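**Q** Quick one: this structure, given as structure tokens, is what I'll be asking you about.
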Amino acid sequence: MLYDYFKTALRVLFRNKLYSTINLIGLVIGLSACICIYLIAGFELGFEHFQPDMNRIYRAVTDVRDNDRESHFPLVSYSEASYIKSHFTGIDKVAYFFDYYFKVSVPGKDGNINVFPTPDPTKEISDIIITEPTYFDIFNYEWLVGKPSSALTDPFKVVLTENKAREYFGSVPLSEVIGREIVYNDSLRLSVSGIVKDYPKNTDFVFKEFISLSTISHSFLNKPPYLTGVTDTSKWGWSDWGQAFMKLSPGINAEEIANQTPALIKLEASQHGKFSKSNVHQIIHLQPLADIHFNPDYGSDYYSKQSDRRTLFGLIGIAALILLIAVINFINLATAQSIGRAKEIGIRKILGSGRTALILRYLGETFILVWLAIIVSLLICRLLLNAFPNIIPNGVAVDIISPSLLLFLMSMAILTTLLSGLYPAKLLSSYSPVQSLKGATAQISNSKNPLRKMLIVFQFSVSIIFIVGTIAIGNQVHYLLTKNLGFQKDSIINFFNSGKHRKEDDYVLADRIRRLAGVDKVSISNDPPETAFPGLGTIQCKELGTHIEAQNINADNNFVSLYGLKMVTGRNFNTPQGNDSSTEYLINETCSRQLGFKRPEDAIGHLIQEGYLAKTGSFIAYRSGQVAGVLADFHSQPLSIPIGAVCMAATNSLRGGLISVKLSTSGRQSGDFSGVIKNIGREWKMIYPEENFNYSFYDRTIAGFYSKEQTTGDIMNISMLVAILISCIGLFGLITYTAAQRTKEIGIRKVLGASVAGVVLMLAKEFIFLIILAMLLAFPVAYYLIHQWLRNFAYRVNISWELFALSGIAAILIAMLTISYQAVKAALANPVKSLKAE
């Protein structure tokens with residue numbers, strides 16, 4: 001019987017090649033989108049799930065509340081981690097670690113030394129951490145060589161992952177790597193004590209080198225400016241913060257551990273004076289391991305690129321809508337062409353087939369078509385995963401032998417078969433055999449079908465929502481990237497120094513760069529005008545008795561001119577290089593207003609102070625100076641945040657700061673910058689020979705602030721194209737079938753004098769009416785969704801009527817282009833041929 005079902009299904013599919021192809025294309029597109037999104041969502045949601053005890057693993061994180069501002073840190077100090085380890089109950093293991101940026105040298109047996117440069121801290125995450133032996137008790141690694149219990153107990157030991165060992169030592173047997181020497185920063189010599197297997201790609205723990213923590217107290221790392229105090233538990237300062245992970249004892253929950261943290265905070269405050277400001281409060285709590293990949297509060301800069309749960313769930317919703325549109329196509333075409341199989345159904349019923357058997361037969365045909373679509377979709381998905389590297393995470397792949405993927409495909413096949421085939425199967429099996437053989441079902445099939453119309457309206461409503469959303473998101477992204485920020489960002493490169501050298505070296509480097517051909521201006525500061533992670537502090541104007549929170553920027557005299565900041569009143573800095581004894585300030589208009597000055601001019605010459613509020617409520621100042629000038633407001637943070645107060649202090653003795661270079665564009669093309677930048681890199685190497693020259697164009701850095709929005713726009717573009725394509729395929733099939741069913745009617749109308757335009761309008765007007773109805777239903781939904789999304793931005797585009805008019809016109813034009821070919825073809829057909837059979 002199954003063979004008979006299969007043979008009949010193939011015969012039906014090949015007999016109706018056009019409609020089978022249309023259904024197959026629609027299902028392939030819908031299923032391809034679903035499979036790709038399933039792979040992406042499964043990959044992202046599966047982060048760290050390979051850890052056997054992930055539900056017992058937590059990270060200690062710190063929240064600091066200062067007035068109305070709250071800061072989040074995925075860090076604690078070493079002393080805090082030590083206190084947790086020795087005093088907290090309910091914890092099996094605690095491991096403390098921090099990443100470090102080393103230059104690595106590997107001596108070869110042939111005497112040659114292979115040098116591996118230091119990663120750029122502004123662009124890359126270091127895969128080297130300094131940690132305790134308990135790290136391997138908390139996180140599960142497969143050990144290839146060595147023992148976890150002893151590999152990191154002694155100083156000057158390092159454990160490598162397999163890939164890192166191959167990178168350093170080539171293809172030698174891993175057992176021969178044990179004991180080999182690796183040199184860090186030219187003087188720290190460590191020996192390999194173990195090799196572990198690399199983690200899969202869906203993990204945020206990208207570390208590949210693990211240095212024993214006891215190495216610090218026996219090496220230069222325990223001296224300034226490196227990690228002073230990291231192993232001294234008597235020091236409770238802010239420096240040397242790292243990450244502390246813990247594995248809770250079985251049966252212990254996070255709340256029981258969190259209840260013990262107030263004692264730690266109280267001890268720090270009473271014995272070591274930490275957070276002496278009355279308005280500052282510290283809270284340490286536990287973050288589950290599964291939350292790390294999705295929680296933006298604790299910064300993706302400490303780990304690999306984080307994911308947004310809302311985006312993932314949005315993708316899943318988009319996949320469901322796209323598949324639903326494809327299913328609707330199938331239902332519409334199946335019910336429309338049901339008359340073609342009416343006599344077949346009548347004969348089968350007369351020969352004894354029951355309704356259940358007929359339903360199963362039709363579902364079997366649908367199941368075969370769905371599986372054919374799945375096979376094609378798997379081949380397409382392999383191409384799609386490589387075609388969109390900006391959207392699809394590295395590591396997502398089609399593994400056809402994966403049990404989870406096979407289960408998903410089987411579930412999708414069954415669900416799609418039921419959704420697509422159940423209603424048409426019930427409709428076909430409901431025909432009376434007598435009516436079917438008399439041809440009465442033709443009247444039923446050609447009668448008004450409200451369900452089919454409702455499905456078309458739903459289909460195009462979804463497509464129109466995607467059109468509106470795509471245009472709106474594109475407008476907002478364009479606005480974010482092109483808005484006047486109040487400063488110049490083009491032709492500027494930025495690079496940070498490490499802060500490990502003399503502060504005078506930066507100014508020597510700046511002077512050397514300033515003399516290069518092709519360089520316009522050079523400035524040293526701690527931050528550029530706009531940054532995603534601003535430094536905030538409290539300032540006060542003692543004379544007016546006001547204090548506010550302001551973003552602090554320390555900069556030299558060249559900062560204002562290099563970035564093209566506009567001076568409203570007053571003058572620029574005039575502080576001699578290397579002299580911080582007499583500080584001057586530049587404030588923006590918002591800062592002037594919030595301090596209590598009615599006009600910007602009123603702030604000039606007034607004394608302002610930087611500091612904090614003590615427990616008594618008095619303001620403790622650690623630096624003060626006069627306001628030299630007031631700058632026009634500029635966007636010092638991304639456009640999701642309103643313009644705030646900015647206080648810029650004059651300083652020419654920064655250490656570990658940002659060097660900004662404005663490249664000259666006079667008579668130069670953008671391609672000429674490479675030679676200038678190469679010369680700048682050469683000067684960098686003259687001053688800092690042991691450090692890599694890593695730079696970034698400032699306009700690209702600012703564009704990177706909106707990478708999530710650009711990704712959202714890309715997703716919407718793809719979703720819109722897919723939704724429109726599927727809807728148009730279905731519409732093409734319906735107009736083709738309608739024209740075929742009304743061939744004789746069209747012939748009679750033409751014989752009676754109907755024009756080609758009149759016949760085309762007759763065939764198209766019903767579909768155009770449905771699309772207009774879809775527009776009326778889609779526009780309110782689209783407006784609400786776009787309005788909710790735009791609320792994330794303090795500065796945004798307006799939702800204008802032109803947006804909906806453009807989207808509506810686009811939807812109608814797309815529909816007209818889809819149906820016009822078949823409608824015109826039917827209208828131009830020779831009426832003699834269509835009527836000769838009568």
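**Q** Quick one: order THR21, THR356 from most to least accessible surface, probe 1.4 Å. Let's see the in-between values first.
**A** Numbers: THR21 70, THR356 95 Å².
The residues order as THR356, THR21, largest area first.
**Q** Moving on. Over the heavy atoms of HIS635, what accessible area does a 1.4 Å probe trace out, to the nearest 10 Å²?
**A** Accessible area of HIS635: about 10 Å².
**Q** Now a separate question. With charges only on Cβ, +1 for K and R and -1 for D and E, what is the dipole size of the range 502-545 about its Cα centre, in debye, rounded to 20?
**A** On the way: 7 positive and 8 negative charges, 34 e Å.
In total the dipole reaches around 160 debye.
**Q** Among residues other than GLY605 whose Cβ falls under 12 Å from its Cβ, what is the net charge (Lys/Arg +1, Asp/Glu -1)? If you can, show how the numbers build up before the last one.
**A** On the way: positive: ARG571; negative: GLU543, GLU584, GLU601, ASP602.
Net charge around GLY605: -3.
**Q** Could you give the length gained by full extension between LYS744 and LYS708, i.e. 0.36 nm per residue of separation minus their alpha carbon distance, to one decimal place? All intermediate terms of the calculation are to be shown ahead of the outcome.
**A** Numbers: separation 36, 0.36 × 36 = 12.96 nm, distance 5.54 nm.
Difference between extended and current length: 7.4 nm.
**Q** Continuing with this model, one more query. Listed highest first by mean packing, meaning other Cβ atoms within 10 Å per residue, what order do 711-719, 311-319, 456-464, 583-591 come in?
**A** Numbers: 711-719: 19.0, 311-319: 16.9, 456-464: 25.3, 583-591: 23.6.
In descending order of packing, they fall as 456-464, 583-591, 711-719, 311-319.
**Q** Using a/c under 1.5 as the rounded threshold, could you call the range 167-220 rounded, prolate or oblate? The axes a ≥ b ≥ c are square roots of the C-alpha gyration tensor eigenvalues, and prolate needs a/b larger than b/c, oblate otherwise. Provide the component values of the computation, followed by the final result.
**A** On the way: a/c = 2.17, a/b = 1.25, b/c = 1.73.
Oblate shape, in that a/c is at least 1.5 and b/c is the bigger or equal ratio.
**Q** Once you have the Cα-Cα distance between LYS17 and GLN626, take 0.36 nm times their residue separation minus that, and quote the gain in nm to one decimal. Provide the component values of the computation, followed by the final result.
**A** Working: separation 609, 0.36 × 609 = 219.24 nm, distance 8.30 nm.
Value of the extension gain: 210.9 nm.
**Q** What FRET efficiency, computed as 1/(1 + (r/R0)^6) with R0 = 45 Å and r the Cβ-Cβ distance, is obtained for VAL781 and LEU544, rounded to the nearest 0.05? Don't skip to the answer; put the middle values down first.
**A** Values: r = 51 Å, r/R0 = 1.13.
It comes out at approximately 0.35.
**Q** When Rg is the radius of gyration of the Cα atoms in the range 682-750 and Rh is its Kirkwood radius, what does Rg/Rh come to? Intermediate values should be presented prior to the final figure.
**A** On the way: Rg = 28.9 Å, Rh = 18.0 Å.
Result for the range 682-750 is an Rg/Rh of 1.61.
**Q** Which of rounded, prolate, oblate describes the range 513-606, given a ≥ b ≥ c as roots of the alpha-carbon gyration tensor eigenvalues and a/c under 1.5 marking rounded, otherwise prolate only if a/b is larger than b/c?
**A** Details: a/c = 1.97, a/b = 1.80, b/c = 1.10.
Cα axes put the range 513-606 in the prolate bin.
**Q** What is the calculated FRET efficiency for ARG791 to ILE350, with r their C-beta to C-beta distance and R₀ = 56 Å, to the nearest 0.05? Don't skip to the end; give the middle numbers.
**A** Values: r = 64 Å, r/R0 = 1.14.
Result of the calculation: an efficiency of 0.30.
**Q** Summing Lys, Arg as +1 and Asp, Glu as -1, what charge do residues with Cβ under 11 Å from the Cβ of ASN332 carry, ASN332 excluded?
**A** Details: positive: ARG452, LYS453; negative: none.
Spelling it out: positives minus negatives among the neighbours equals +2.
**Q** Here's another thing I want to ask about it. Compute the distance in nm between two label points, each set 7 Å from the Cα along the Cα-to-Cβ direction, one at ASN114 and one at ILE414.
**A** 5.1 nm
**Q** Here's another thing I want to ask about it. Indicate the gyration tensor shape class of the range 725-838 (rounded, prolate or oblate), computed on the Cα atoms with a ≥ b ≥ c the square roots of the eigenvalues: a/c under 1.5 is rounded; otherwise a/b larger than b/c is prolate and the rest oblate. Walk me through the intermediate numbers first.
**A** Numbers: a/c = 4.21, a/b = 3.40, b/c = 1.24.
Prolate is the answer for the range 725-838, as a/c is 1.5 or above and a/b outweighs b/c.
**Q** Along the Cα→Cβ direction, 7 angstrom out, place labels at LEU10 and ALA829. What is the inter-label distance in nm?
**A** 3.2 nm
**Q** Further, regarding this structure: For ASP297 and MET454, what is the calculated FRET efficiency with R₀ set at 35 Å and r taken between the beta-carbons, to the nearest 0.05? Walk me through the numbers before you get to the answer.
**A** Working: r = 44 Å, r/R0 = 1.26.
Approximately 0.20, to the nearest 0.05.
**Q** Stretched out fully, how many nm does the piece from ASN484 to ALA254 gain, at 0.36 nm a residue minus the Cα gap?
**A** Values: separation 230, 0.36 × 230 = 82.80 nm, distance 4.71 nm.
Extra length available between ASN484 and ALA254 comes to 78.1 nm.
**Q** Same structure, new question: For the range 8-142, with the dipole built from +1 on Lys and Arg beta-carbon atoms and -1 on Asp and Glu ones, taken about the Cα centre, which of HIS72, ILE57, ILE22 lies farthest toward the positive end?
**A** So the residue we want is ILE22.
**Q** What ratio of Cα Rg to 2.2 N^0.38 Å holds for the range 14-145?
**A** Numbers: Rg = 24.9 Å, N = 132, 2.2 N^0.38 = 14.1 Å.
For the range 14-145, the normalised Cα radius of gyration is 1.77.
**Q** Given the options ASN112, SER82, VAL94, identify the residue whose Cα lies farthest towards the positive end of the charge dipole of the range 56-115 (+1 on Cβ of Lys, Arg; -1 on Cβ of Asp, Glu).
**A** ASN112
**Q** Please give the Cα centre distance for the range 675-700 versus the range 624-652, rounded to the nearest Å.
**A** 28 Å
The values are calculated or read from the model by the stated rules, or taken from the named source; none is laboratory data. It should be emphasised that the depicted structure is a prediction, and the values quoted were computed from it without experimental measurement. Heads up, the Cβs are rebuilt from the backbone with ideal geometry, glycines too, and the neighbour counts pull from every protein chain shown. When the accessible area is computed, the model is the full protein with side chains, heavy atoms only, and any ligands, DNA or RNA have been set aside. Shrake-Rupley method; radii C 1.70, N 1.55, O 1.52, S 1.80 Å.
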